[in-house]
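Any read-out appearing in this document is the output of simple, stated calculations on the displayed coordinates, not a laboratory observation. Because the structure is a prediction, the values reported are computed rather than measured. Because the Cβ atoms are built from the backbone with ideal geometry, glycine has one as well, and the counts that use them run over all protein chains shown.
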Amino acid sequence: MYRKRKQVIRKQSSASQMFFLKDEQLRSIFGKQTIDTIKKREHRYIMKNSVLYPITNRYRMALSLDGMWQFQFDPKSCGLSENWKDGLPSPISMPVPASFSDFFTTGSERDYCGDFWYQKDFFVPETAQSKVQLRFGSITHRAIVFCNGIEVARHEGGFLPVVADVTDVVRCGAVNWVCIWVNNDLNESTLPCGTHNVLSSGRKIVKPYFDFFNYSGIQRSVYLVMLPAESIQDYEVSYTLDGADAQVDYKVFCEGAGEISVQLLDAENKLVAEANGAEGALCVQNAHLWQVRNAYLYTIVIVLKKDGLPVDEYRERIGIRTVEIRGTKILINGKSVYLKGFGKHEDFDILGRGFNWAVAKRDFECMKWTDANCFRTSHYPYAEEWYQMADEEGFLIIDEVPAVGMMRSTHNFAAAGTGQYTYFFETPTVPELLKNHIQQVKEMMARDKNHPSVFAWSLFNEPETTSEYAKDYFTKVFEAARTLDPQNRPLTGAFEKNSAPDKCRCYQLCDFICLNRYYGWYISGGAEMEEAEVKFRAEMDKWAAKKLNVPFVFTEFGTDTLATEHKLPAIMWSQEYQNEYLAMNFSVFDSYDFVQGELVWNFADFQTSEGVMRVNGNKKGIFTRQRQPKDAAFTFKRRWESLPLNYKGE
Ligand code: BDP
């Protein structure tokens with residue numbers, strides 16, 4: 001009966017039929033809204049919607065839509081033409097947030113590549129504020145969002161928020177429905193890069209040019225956001241220190257006119273500074289700085305008033321700290337910091353890449369136990385909650401855009417070190433790729449700019465960097481990125497072995513240089529470890545000879561290690577080998593003062609595509625996929641506990 005009722009509404013409100021309905025009919029479907037606003041609706045998503053993290057207070061409300069959704073694969077890609085937006089023909093249940101893959105018991109479902117759909121009913125309160133939005137933490141990799149059968153948003157890119165303004169299409173005090181077309185295919189003009197094969201059966205098999213499973217779906221939380229008519233759209237902050245005091249420069253962006261006031265509260269909620277206006281400065285005497293692994297958070301309270309009365313308020317925790325690259329040092333609050341930590345993935349059993357607070361909590365506890373202070377969001381921006389936790393725990397983040405797989409090879413990591421030219425940037429798809437790349441840098445910086453934990457932006461992982469084409473391409477990406485961050489944080493990218501000191505044409509673009517190196521694993525592994533060290537030092541000597549006077553950070557080094565394997569003498573894949581490899585790497589890192597950080601690959605074992613190089617995924621974890629320590633975790637704990645924060649600094 002329930003379903004029947006829905007179908008009646010759906011039929012009436014189908015977008016294709018909408019303009020054939022009489023005004024009275026439209027009014028009866030959409031209540032108080034006018035036909036004009038309904039007719040305008042299809043273009044609303046072009047307007048920039050606020051990506052502020054959803055909160056609830058007197059003026060705004062965020063209702064979680066997490067839970068069971070309905071789901072259907074669309075292997076024939078007929079859903080759009082058959083109007084599945086009006087109701088999925090035969091859906092199954094699917095939890096959100098989560099990747100869809102690991103719930104299934106057949107390979108064809110787990111590895112599904114193509115179109116698929118999500119759908120959910122949701123109630124909009126009668127008392128809803130003037131603006132209503134649907135906000136998805138991400139939809140992987142591309143989506144068209146329909147609300148009550150009407151298109152409200154389109155988005156390319158699977159790791160940043162999708163916000164749809166549904167003000168003109170929802171019915172308040174009634175049940176509405178959202179239906180989403182999603183596609184998880186990969187190609188060379190979208191981020192990350194890849195391709196697909198079509199089997200003789202017609203089934204598509206995705207071929208990522210990267211080394212992690214192509215998890216997809218609605219992998220982060222979904223909110224129904226209700227905002228006042230005039231609202232705070234965004235804000236940005238930047239910091240200057242002056243002795244014991246600090247100045248917080250801010251800018252507030254609003255939709256609609258009004259007076260703005262800004263306050264800064266300390267950790268005890270006591271007012272420490274205030275200012276008025278859309279732009280201004282908050283002066284904080286005896287500021288508590290946000291320090292690495294010793295975070296102090298203030299709360300910024302932004303109030304929008306109209307005719308003297310508050311109409312909106314947004315508050316968020318921020319940390320006062322500065323970031324600077326000076327010579328070969330990375331300075332936080334003017335003091336040199338040696339980075340210790342991990343390249344990570346959003347990856348866990350059953351959830352796939354779905355965000356889960358409990359997993360994130362365990363990850364932070366494990367990282368703190370090793371005395372780490374930093375991680376890279378390899379190879380895509382993570383769920384916002386990761387950054388909130390890092391802000392609180394005092395972790396530094398290198399925030400990475402999903403520019404991975406920009407090298408023509410089905411497994412780009414396997415091409416690393418072969419010395420072969422793996423061309424990429426001369427293909428016709430490049431202008432489109434560049435457009436998407438810059439767009440995602442914009443969206444990442446817009447979302448993450450106010451997190452004190454984010455101290456640097458990584459604009460790529462292991463692309464081809466030796467051609468003139470690559471140089472042109474990345475020059476454009478860096479030029480665009482340089483204009484976007486109110487704090488002008490350092491820009492970098494992770495270079496693989498082919499980006500050698502005498503060949504790479506892109507390292508000059510970076511404020512500090514990140515190297516992914518596997519001497520002793522992909523290069524001269526096993527019995528040849530001593531040779532690996534010779535080659536490693538030879539490369540480092542070449543970098544040293546360039547006298548670049550910038551910091552170098554190892555953003556990857558590691559060995560696949562099975563938690564079950566022990567062997568004396570050590571052999572590749574054994575826990576003993578992982579430790580011997582690390583000892584060699586540490587001795588190289590310690591020999592060069594400009595090496596200012598070590599982020600091991602990877603924090604934990606993680607799922608990848610199948611292949612002869614992978615045993616149920618990548619096993620380079622220092623922890624297992626279940627977050628239990630391998631022997632190497634104790635090695636890191638010992639080393640990192642013994643290194644001062646300003647190791648090799650002044
Ligand atoms: C690097 C990639 C990373 C891989 C790693 C590996 O950046 O994504 O997982 O190698 O081979 O090339 O383990």
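Points worth noting:
- If the segment from Asn57 to Asp307 were pulled out straight at 0.36 nm per residue, it would be longer than the present Cα-Cα gap by 88.0 nm.
- Computed from Cα positions, the angle between helix 430-448 and the longest principal axis of the chain comes to roughly 80 degrees.
- Rounded to whole Hz, the Karplus (6.51, -1.76, 1.60) HN-Hα couplings of region 329-339, x for glycine and proline: 10, 9, 10, 10, 6, x, 10, 6, 10, 8, 7
- Rough spin-label spacing in nm, given labels placed 7 Å along Cα→Cβ, for Glu392 and Thr240: 3.3
- Region 77-211 - Rg over Rh from alpha carbon coordinates, Kirkwood radius: 1.00
- The dipole here belongs to region 538-650: it is taken about the Cα centre, uses +1 on the Cβ of Lys and Arg and -1 on the Cβ of Asp and Glu, and is about 180 debye.
- Reach of Lys471 by Cα under 15 Å, taken over aspartates and glutamates that are not fewer than 8 positions away in the same chain: Glu426, Glu462, Glu479, Asp502
- Under the convention that each Lys and Arg Cβ holds +1 and each Asp and Glu Cβ holds -1, the size of the dipole of the chain around its Cα centre is about 1420 debye.
- Spherically averaged projected area of the chain from its Cα convex hull (nm²): 29.9
- Of Ser108, Ala494, Gly327, farthest towards positive along the dipole that unit charges on Lys, Arg, Asp, Glu beta carbons give the chain: Ser108
- Calculated FRET efficiency for the pair Ala229/Asn549, C-beta based, R₀ 41 Å, to 0.05: 0.20
- Stokes-Einstein diffusion of region 134-180 at 20 °C, 1.002 mPa s viscosity, Kirkwood radius from Cα pairs, rounded to a whole number: 197 µm²/s.
- Using C-alpha pairs below 8 Å separated by at least 6 residues, the relative contact order for region 47-118 is 36 percent.
- A simple count of charges around Val96, restricted to other residues whose Cβ falls under 14 Å of its Cβ and scoring Lys, Arg +1 and Asp, Glu -1, yields +2.
- With 23 Å as the limit, the listed pairs Lys340/Lys619; Lys335/Lys442; Lys503/Lys535; Lys270/Lys340; Lys340/Lys546 have Lys335/Lys442; Lys270/Lys340; Lys340/Lys546 beyond it between alpha carbons.
- Length added when fully stretched, Thr195-His566, from 0.36 nm per residue minus Cα-Cα: 129.8 nm
- A Förster distance of 60 Å, applied to the separation of the beta-carbon atoms of Thr127 and Thr106, puts the FRET efficiency at 0.85.
- Stokes-Einstein D (µm²/s) once Rh is taken as the Kirkwood radius of region 496-601 over alpha-carbon pairs, at 10 °C in 1.306 mPa s: 111
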